[in-house]
1. What number of residues within the stretch 301-345 satisfy the criterion of being within 20 Å of the chain's Cα centre (by Cα) and farther than 28 Å from Ile80 by Cβ?
2. Kindly check whether there is at least one residue in the stretch 356-368 that is modelled with pLDDT under 70, acidic (Asp, Glu) and over 26 Å from Gly595 (Cβ atoms).
3. Looking at the stretch 83-90, is at least one residue in a helix (DSSP H, G or I) and more than 24 Å from Cys283 (Cβ to Cβ)?
4. Please give the number of the condition Glu248 fails out of (1) crowded, with 16+ Cβ neighbours inside 10 Å; (2) in contact with a helix residue (DSSP H, G or I) (Cβ under 7 Å, 6 or more places away or on another chain); (3) assigned to a loop (DSSP other than H, G, I, E, B).
5. Tally up the residues in the stretch 25-53 that are in contact (Cβ under 8 Å) with a residue 60 or more places away in the chain and in a helix (DSSP H, G or I), please.
6. Counting only residues that are touching a Leu at 6+ places or on another chain (Cβ under 8 Å) and in a helix (DSSP H, G or I), how many does the stretch 54-67 have?
7. Name the residues in the stretch 1-24 that are assigned to a strand (DSSP E or B) and surrounded by fewer than 14 Cβ atoms within 10 Å (Cβ to Cβ), would you?
Amino acid sequence: MTARILLAEDNESLSQMLQKFLSGQGYAVVAVRTGLEVLQSLTAGSFDLLVLDLRLPGLSGADVLQKLRKSEKWAEFPVIVITGVYKGDKYAEAARRLGVRHYLEKPFTQQAFLTAVQSTLQDQAHPPAKEAATLRDLLVDVYETGKSGLLAFPQGSPVAFLKGEPVSFMTKGKEDFRDHLVARGKITLADRKTFLAGGEERLFLTQSGLLTYDELVEESRLFLTKKLVDALDMKSGIGFSEGMPPLEAPLVPISIPHLIYEASKGRGNQLHGQAFMERFASCYPARTPLFFRRANLVTMRQGDIELLELVDGEKTLQQIIAMGTVPHEAAAFFHFLHSLGMLAMHAKPTANATPDFPQKDLFNRPLEEIAADDGQAVGFDDLVEELSGTVELAVGNEGMASPLSSDEIGFEQTVQRDHAFIKDKNYYELFGLSPNSFSFNALKEAYFSKTRQYSPEKFMELSGATQSLAQDVLAVYANAYNTLSSVVAKERYDEMLNADRVGLDGRQDDKLQAKIQFQSGKVFLEMGEFENAQKALQDSFTLEPDNPQHCAYLAWAIYNNPASKNSKAAQERARMLLAKSVQIGKVAEAFAFRGWMLLDEGRDGLAEGEFQKALRINPKDSYAGKGIRQITEKREAESKGFFRKIFG
């Protein structure tokens, strides 16, 4: 049966455009221009969906939405909001509290609009089986609507929520957190009695010396995670009271998407996955705009990321699940994505949505390292050629991308000027110095004067091409500064500067000498002599700065040199050298070294991705192979340890 859509838009040009587009997709469309007409039409006719502009004459769209939600008959009627005025998260959050799943800001793309319509109608056509709501459902609702309040359980500590996420729990008069600490061997039974008798809050455990503050934070987070995960399928005895909750220190915010994702992985979530498959097996999953808002909130397993790469809008859920290694786990993963609005299920093939905001990283790694999506965002101006001259009228003139400010243009030009300046300059000339006028204070002042303007905020404003130039400039400045600031390196540099040919004795061929120094540096690395390794690899890099392996190994030597561990400048230089290595030639070692740096930061998911890249280039790379083994062993230990704590 053809779905009937009520379109409420007072801009006649845009209304006609949307009508023509929706009709072309096979929908029956009735268009109105005022809020009063919306209410009259809904009362008089039968509709499956309302597309509502918030700024309507007379009774506004916002007022219409409020009235619908206060009516028992229309409280759950599906509504898609389109607006060119009410922009920003606070308005979108307010709409979500009123049951609006799709909030589109003008100008929006054809694909974003189509995805919103299709996914909303699909959810209406395939409603979930009626059953008692669980804590999982409640958590998703609280998260979606951004509510603050207190979550009560039949027993134990209530949990405080701020803007949709759990941040604390109340222990006064409750014994469950104390019992948790005793079971974990953190306090004794005598300590437990003392704590309970005093009626103190959790912070007393640190004030009294029973736990360090870091231990208290860790145990509080573990307890809160376990409490919520253990109760995810609970259907009775839980209640949420909206309002500003009491808060007990220390606060331990927990990401709801990450919590539900990890819980589903730990338990396998087979029943939920099975029910989800029964409902959507023949549908075509596609990413929604919300996918890009939430993907970086979860540290996804590499296998799940690879599974998501199969979501192209052309395969059914059944086909994609069949390609996974563990079907029931894949089904549970897709159930998780759908429950958080990150995937929409369609009755026919539908292209993935694209981000509706500037996004640098996806799956917590740079977008340029992820295979590009073939789908292109299509503006509404391509739907009706006769309206191509009235795009501003049709989609509104607010929220359009503004031109670069004069400051932004100025910094782009500054980077380009600096990049041109550093060419063919020796290290003294880079800083306006000479061997005779050199002093460490003058060097330091010149270095910080040149690099201070390259702040992270400014860096983010640059275009991709100019950002690459900026990385080169900073790498050259850092290399020059570190070389000249070392007495040994300074003497060595003076010798090289005055020689006819660069080399240890001024006469050897550059490439041959670079190769010798590189091999020496690798030997020193294997021996753990990082200071000597850095010196040798610095020479090889100076002789051949465009050799990706020389860049990568020098970065690794700097990173591992004990003298560099507490130097932010040295650590940043190591990262920039690795970035330069990847840009030059993408050698396996560069990805492997970057993986180990991420592993040291505790970012295992990102590290695994880097190791996989290295192994795709060289399956025998020892650094990457060792990294993969360590991550695998760590996960096996965690699955036996952490989830034993969580699930008993």
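The values are calculated or read from the model by the stated rules, or taken from the named source; none is laboratory data. In this text the structure is predicted, and so the values were computed from the model without any measurement. Here the Cβ is made from the backbone with ideal geometry for all residues, glycine too, and neighbour counts use every protein chain on show.
1. 8
2. Of the residues in the stretch 356-368, the ones modelled with pLDDT under 70 are 364-368.
If we keep only those that are acidic (Asp, Glu) as well, we get 368.
Going one step further and asking which of them are over 26 Å from Gly595 (Cβ atoms), we end up with none.
No, every residue in the stretch 356-368 fails to be modelled with pLDDT under 70, acidic (Asp, Glu) and over 26 Å from Gly595 (Cβ atoms).
3. Yes; the residues of the stretch 83-90 include at least one that is in a helix (DSSP H, G or I) and more than 24 Å from Cys283 (Cβ to Cβ).
4. Result: Glu248 passes all but (2).
5. 0
6. Adding up the residues that qualify gives 6.
7. Filtering the stretch 1-24 down to residues assigned to a strand (DSSP E or B) leaves 4-8.
Across the stretch 1-24, there are no qualifying residues.
Let's see how each residue does on (1) in contact with a helix residue (DSSP H, G or I) (Cβ under 6 Å, 6 or more places away or on another chain); (2) charged (D, E, K, R); (3) at pLDDT 70 or above; (4) surrounded by fewer than 18 Cβ atoms within 10 Å (Cβ to Cβ):
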| position | (1), (2), (3), (4) |
| --- | --- |
| Asp472 | no, yes, yes, no |
| Ala499 | no, no, no, yes |
| Arg507 | no, yes, no, yes |
| Asp539 | yes, yes, yes, no |
